[in-house]
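Written out below as structure tokens is the structure these notes cover.
The values are calculated or read from the model by the stated rules, or taken from the named source; none is laboratory data. It should be emphasised that the depicted structure is a prediction, and the values quoted were computed from it without experimental measurement. Note: ideal-geometry Cβ built from the backbone for every residue, glycine included; neighbour counts use all protein chains shown.
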Amino acid sequence: MPVRHYVTARIIDGRALGAIIEKGLTNEAEAIEKRGRAPHLVVVIVGDDAASHVYVRNKQRACERIGIKSTRHDLPSTSNPSDLIDLVDNLNKDEGVDGILVQSPLPDGFDEISITEMIDPEKDVDGFHPVNLGRIVTGKVDGLLPCTPSAVIRMLESTGERLAGKKALVVGRSRIVGMPSALLLAQKGVDATVTISHSQSQDLRRLCLDSDIIVAAVGRPGMIKSDWVKKDAIVIDVGINRVEVDGASRLVGDVEKEASERASWVTPVPGGVGPMTIAMLMRNTIKAASDRI
Ligand code: GUN
């Protein structure tokens, strides 16, 4: 009988890596509390987007595990943008608050960019304020970095593979993931050669096949086909897409699962970038608190 050998990629386990990071942060949170008070994260959610409520709950659970105080403000989708502006204004002024996170997406009628810009950059634990994003461009990467892009870099580094000089393709150019991931990949110390692709890019298949690293961040289930993945590439799948399979609801990434038969390393969905993003948010909260307490 013929024997078929399947060589599958190694898994970059976001839950395990995140748990190690959280353990270190727990000690830091304890040390901060001894200096005065526990670090304090405030999460604001507007409306009733189901996925956002799950994400926010997971962020609050992580705070509990680590010893970070968390407060949540729920505003109805019918609230006025000025209610959110007033709330952020008060949180900026509140000496007892270290981190402010306004969960995205906001309902229609809210201007996400201007809300992001009004958060005190020192409390901007999402790392989305132009001051914090701009610092990356200047090569300053010890500040409040955006959480998912830092998770991407940490996961790549955890493989122990040499990243310098590798061709990295970022699929998607969002302000939250794609664009800042590209900036971090190109930083000194990571030193990847970066291409950003987007909806207008031609021949995405060829771009993927040319890449040693693929960071998929488009939010479209299975958009990156398994046979677009170069042999031994590293695949970081940022997509978390809910799909119906045989009547059951499942989470899948932006990259077809079979890519693991060609890649050297892959991130699972769920259990990959998601938990690591939360660990990076916790790290930012500790960083913001330790600068203040
Ligand atoms: N919505 C999806 N991801 C994020 C995130 O990282 N931060 C915020 N604030 N909202 C999100």
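Couple of notes before you dig in:
- Among the residues of region 16-46, those identified as under 18 Å from the mean Cα position of the chain (by Cα) and loosely packed, with under 15 Cβ neighbours inside 10 Å are Ala16, Ala19, Ile20.
- Pair list, Cβ < 6 Å and 6+ apart or interchain, from region 268-293 residues that are farther than 18 Å from Ile214 by Cβ and away from the ligand (no atom under 16 Å from the Cβ) to residues that are part of a loop (DSSP other than H, G, I, E, B) and among the acidic types (Asp, Glu): Ala289/Asp98; Arg292/Asp98
- Residue within region 278-293 that is on the phi > 0 side of the Ramachandran plot, surrounded by fewer than 18 Cβ atoms within 10 Å (Cβ to Cβ) and out of contact with any Leu (no Cβ under 9 Å at 6 or more places or on another chain) present: no
Yes or no, residue by residue, for (1) within 16 Å of the ligand (Cβ to nearest atom); (2) closer than 23 Å to Pro130 by Cα; (3) crowded, with 16+ Cβ neighbours inside 10 Å:
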{"position": "Ser150", "(1), (2), (3)": "yes, yes, yes"}
{"position": "Ser158", "(1), (2), (3)": "no, no, yes"}
{"position": "Leu163", "(1), (2), (3)": "no, no, yes"}
{"position": "Leu169", "(1), (2), (3)": "no, no, yes"}
{"position": "Gly172", "(1), (2), (3)": "yes, yes, yes"}
{"position": "Ser181", "(1), (2), (3)": "yes, yes, yes"}
{"position": "Gln200", "(1), (2), (3)": "no, no, no"}
{"position": "Arg206", "(1), (2), (3)": "no, no, no"}
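- Residue in region 34-43 that is at pLDDT 95 or above and touching an Asp or Glu at 6+ places or on another chain (Cβ under 6 Å) present: yes
- If the condition is being surrounded by 19 or more Cβ atoms within 10 Å (Cβ to Cβ) and hydroxyl-bearing (Ser, Thr, Tyr), then region 57-77 contributes only Ser70.
- Taking the numbered list (1) loosely packed, with under 15 Cβ neighbours inside 10 Å; (2) farther than 23 Å from Ala289 by Cβ; (3) within 16 Å of the ligand (Cβ to nearest atom) in turn, Asp49 passes all entries but (1).
- Only one of the numbered conditions (1) within 16 Å of the ligand (Cβ to nearest atom); (2) assigned to a helix (DSSP H, G or I); (3) surrounded by 19 or more Cβ atoms within 10 Å (Cβ to Cβ) is violated by Val54, and that is (3).
- Among the numbered conditions (1) closer than 23 Å to Arg10 by Cβ; (2) surrounded by fewer than 23 Cβ atoms within 10 Å (Cβ to Cβ); (3) not hydrophobic (A, V, I, L, M, F, W, C), the only one that Gly247 does not meet is (1).
- Inspection of region 136-143 identifies no residue that is touching a helix residue (DSSP H, G or I) at 6+ places or on another chain (Cβ under 8 Å) and within 15 Å of the ligand (Cβ to nearest atom).
- Matching residues in region 57-112 - criterion: being assigned to a helix (DSSP H, G or I), within 16 Å of the ligand (Cβ to nearest atom) and acidic (Asp, Glu): Glu112
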